[in-house]
1. Could you check how many residues of the range A:12-39 are within 8 Å of chain B (Cβ to nearest Cβ) and among the hydroxyl-bearing types (S, T, Y)?
2. Quick check: is even one residue across the range B:31-47 crowded, with 21+ Cβ neighbours inside 10 Å, within 9 Å of chain A (Cβ to nearest Cβ) and free of Cβ contacts under 8 Å to residues at least 12 places away in the same chain?
3. Considering only helices (runs of 4 or more DSSP H) fully contained in the range B:55-138, which possess at least 1 residues that are out of contact with any Gly (no Cβ under 7 Å at 6 or more places or on another chain), among the β-branched types (V, I, T) and facing chain A (nearest Cβ under 9 Å)?
4. Could you tell me which numbered condition B:Q5 fails, if it satisfies all but one of (1) more than 9 Å from chain A (Cβ to nearest Cβ); (2) among the polar types (S, T, N, Q); (3) not in a helix (DSSP H, G or I)?
5. I'd like to know if the range A:160-167 contains one or more residues that are at pLDDT below 80, out of contact with any helix residue (DSSP H, G or I) (no Cβ under 8 Å at 6 or more places or on another chain) and loosely packed, with under 13 Cβ neighbours inside 10 Å.
6. Every residue in the range B:139-159 that is away from chain A (no Cβ under 13 Å) and in a helix (DSSP H, G or I), please.
7. Could you check B:D93 against (1) within 25 Å of A:A170 (Cβ to Cβ); (2) at pLDDT below 90; (3) surrounded by fewer than 17 Cβ atoms within 10 Å (Cβ to Cβ) and say which number it fails?
8. Starting from the range A:130-153, take each residue that is without any contact (Cβ under 8 Å) to a residue 60 or more places away in the chain and list its partners that are aromatic (F, W, Y), counting only C-beta distances under 8 angstrom and pairs at least six apart or across chains.
Amino acid sequence: MNQETNPIILKKTVTQLPIYEPPNEVWSVIANELDLQKKLQTLPNHPPKEFVWETIEMNLAKSASRTQSSGSTQRIFLVKRLGIAASILFMLGISWWIMTDAFTQNKFQYTQETINAQLLVADWDEDGEALTQIKAICEVKNYACTAPEFQQLEQELNELNEAKSDLKQAIDDFGKDTQLIAKLSEVELERTVVLKKMIANIL
Amino acid sequence: MTNAQLIEQCLAQDRLAQKELYDRYKTAMYTLAYRMCNDFGLADEVLQDAFLQIFRYLHTFRHESTLGAWIKTIVVRTAYKKIKKSVSFESLDHQQYQPITWGNELDTDYLEQAIQSLAAGYRSVFILVAIEGYTHQETGDLLGISAGTSKSQLYHAKRKLRILLKHYRQ
């Protein structure tokens, strides 16, 4: 592929190519934007009215009582399952002990699980099913999805989606910075909470 | 002021330090942005967008490269986003490589004009490899192409340049 004669001539000429100065307006735009960002950070906070929390609390109490009745039956199943799992583990433990102690010279083995950041990020995108479910319910229960509460949650989800895509872009551009990944994980958790609330709201 | 001190002050949102950082790199980065976009208006936008990102994400700079190299990467990515729609890396026939012969002397102005008249794909690869000194692997990573594609694009860019320079001479 290096089929060039006199490549040094090109290299030499390239170093002599002209340079260009940006116009002063470029810095003015940057400085204005930085000023705006600074001002945006100092914008006053507006505490919500008391009734907002009261409404949230009321809804939380409602959903808690809804899940409580199904919770008791779930608990019985859980105890049974735990019992079975414990017996299996006990039997596996005994057979492992017999195998290793009787037939080998007391060798110790261990495995170490490492978290693949790539997989972690990939997992975060697997909430398509929940969204499809919400869309399907909305088609049937249109009134529930046009309710202000639901629309507020939808708006919240859109904002979180935007924040997620901004963060993913930043991770692509600036590498897997721990702060960015932590922030992405935080946003993803918030999305999950909002999605759950959306589903609870229309069921 | 050293770059480390400058970074520290920029992180503290010191406007004078931010201007100083901008002044240190503006000419090199503007020249690079202009060469990639082939348009001064777009180069203005690239410089604005890139420096806003630089100040926003300066806390992520880990000193794994020089500050200049880090800034350059951001400028290249920002510029490439602006021209991406007009770039196509067509697959090129690897069998048809012919030697390129550069004359004993090349005119700088002609070369500048010839570079700017290259198709965006050829131009981007030529600028990144031949002028900015990126490897084919790094160029491939920046432009989302393979190192092999970068190599063949460079070859064809040089061939096209050679033809253009012959025309300019006549």
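1. 2
2. Within the range B:31-47, one or more residues are crowded, with 21+ Cβ neighbours inside 10 Å, within 9 Å of chain A (Cβ to nearest Cβ) and free of Cβ contacts under 8 Å to residues at least 12 places away in the same chain.
3. Numbers: elements: B:67-83, B:108-116, B:120-126.
Once the helices (runs of 4 or more DSSP H) in the range B:55-138 are filtered for at least 1 residues that are out of contact with any Gly (no Cβ under 7 Å at 6 or more places or on another chain), among the β-branched types (V, I, T) and facing chain A (nearest Cβ under 9 Å), what remains is B:67-83, B:108-116.
4. (3)
5. So in the range A:160-167, the residues at pLDDT below 80 come out as none.
Among the residues of the range A:160-167, not one is at pLDDT below 80, out of contact with any helix residue (DSSP H, G or I) (no Cβ under 8 Å at 6 or more places or on another chain) and loosely packed, with under 13 Cβ neighbours inside 10 Å, which makes the answer no.
6. Start the filter on the range B:139-159 by keeping residues that are away from chain A (no Cβ under 13 Å), which leaves B:139-140, B:143, B:145-146.
Answer for the range B:139-159, where residues must be away from chain A (no Cβ under 13 Å) and in a helix (DSSP H, G or I): B:T139, B:G140, B:L143.
7. (1)
8. A:A144/A:F150
The values are calculated or read from the model by the stated rules, or taken from the named source; none is laboratory data. Everything numeric here is computed off the predicted structure, so don't read it as measured data. Every residue, glycine as well, gets a Cβ built from its backbone with ideal geometry; the counts of neighbours run over all protein chains shown.
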